[in-house]
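The next block holds one structure in the form of structure tokens; read it before the comments.
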Amino acid sequence: MLQHVADRPVYGLQTPNLDGTEHFPDSIEAMAAYYVDQLRTVQPHGPYRLLGWSFGGNVVQEIAVRLQEAGEEVALLSIMDAFPVPPADGLEDAGHDVVFRALLTALGVDLSAWDADAPLDAAVVRDALRESGSPLGALEPAAIETMVGNFADQARLMRRHVPRTFRGDVLFFRATEEDPASGLVPSLWDPYVDGALVVHDVPCGHAQMLRPDARAVVGPVLDAALRAT
């Protein structure tokens, strides 16, 4: 995305327990509070410009609400193909390998050539990620295993989360190559956005939102929105 966003620093917020040594947050509210503290070590005051994808879209919406409650300006809130409803896949109660395969699929990894009945080994997955050029190939197997647990924990947090209302417009990027029968539509955000929901379609699946072709659609729109703020 950076090649499309000119003359602005971009900061990524990572799950606090990626190395497995920290406690996974008990709620999206707690996670958002942690991230607000991290944001403010770099930028103590607004205007803030925020972007979140998938589960992160729900977290970033709560971050934006918290910043507004603290009297700060949120100049831009962008959400990429995230919806304020819990997942319907039951991963919070699934076994390790089911969650592992769902995580890899969500990351855009093609599992069609893998033995569907064989247990997944994090070291083998790491090597496959390296061979595919994924930056996740730089992670150690222990970190990949932690990601598996986090993925299921995210589903649990979504079950309990009720979004609050953000005051302002939202820039929404929708992956158009998803099953329309899922019922996941941008208007699900209407009760939680006191402003316009500006939707831009991206011709890809949810897992491909950060692939080069999708970034070529999202990037210029995001850059224009940033320049306007």
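See the values below:
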| item | result |
| --- | --- |
| Convex hull volume of the chain per residue (C-alpha atoms, cubic angstrom) | 133 Å³ |
| Dipole in debye (nearest 20) - the chain, about Cα centre, beta carbon charges: Lys, Arg +1; Asp, Glu -1 | 740 debye |
| Contour excess over end-to-end distance, with Cα ends at SER132 and ASP7 and 0.36 nm allotted per residue | 42.0 nm |
| Dipole in debye (nearest 20) - the stretch 128-190, about Cα centre, beta carbon charges: Lys, Arg +1; Asp, Glu -1 | 380 debye |
| Loop-located trypsin sites (Lys or Arg not before Pro) in the stretch 25-77 whose Cβ has at most 13 other Cβ within 10 Å (DSSP) | none |
| Spin-label proximity, GLU69 to the stretch 180-205 - amide N less than 19 Å from point 7 Å beyond Cα toward beta carbon | 191-195 |
| Protection proxy ranking of 9-18, 220-229, 78-87, 137-146 - average other beta-carbon atoms within 10 Å, highest first | 78-87, 137-146, 220-229, 9-18 |
| Fraction of accessible area attributable to carbon and sulfur, the chain (%, probe 1.4 Å) | 53 percent |
| FRET efficiency for VAL85 and VAL198, using Cβ-Cβ distance with R0 set to 22 Å, rounded to 0.05 | 0.60 |
| Size of charge dipole - the stretch 1-120 - debye, nearest 20, with Cβ of Lys, Arg +1 and Asp, Glu -1, no other charges | 540 debye |
| Contact order relative to length of the chain, as percent, for alpha carbon pairs under 8 angstrom and 6 or more apart | 24 percent |
| Gained length - GLU22 relative to ALA142, 0.36 nm times residue gap less alpha-carbon distance | 41.9 nm |
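The values are calculated or read from the model by the stated rules, or taken from the named source; none is laboratory data. Predicted, not measured: the structure shown is a model, and the values here were computed from it. Every residue, glycine as well, gets a Cβ built from its backbone with ideal geometry; the counts of neighbours run over all protein chains shown. Surface accessibility is based on the protein's heavy atoms, side chains included, excluding ligands, DNA and RNA. Shrake-Rupley method; radii C 1.70, N 1.55, O 1.52, S 1.80 Å.
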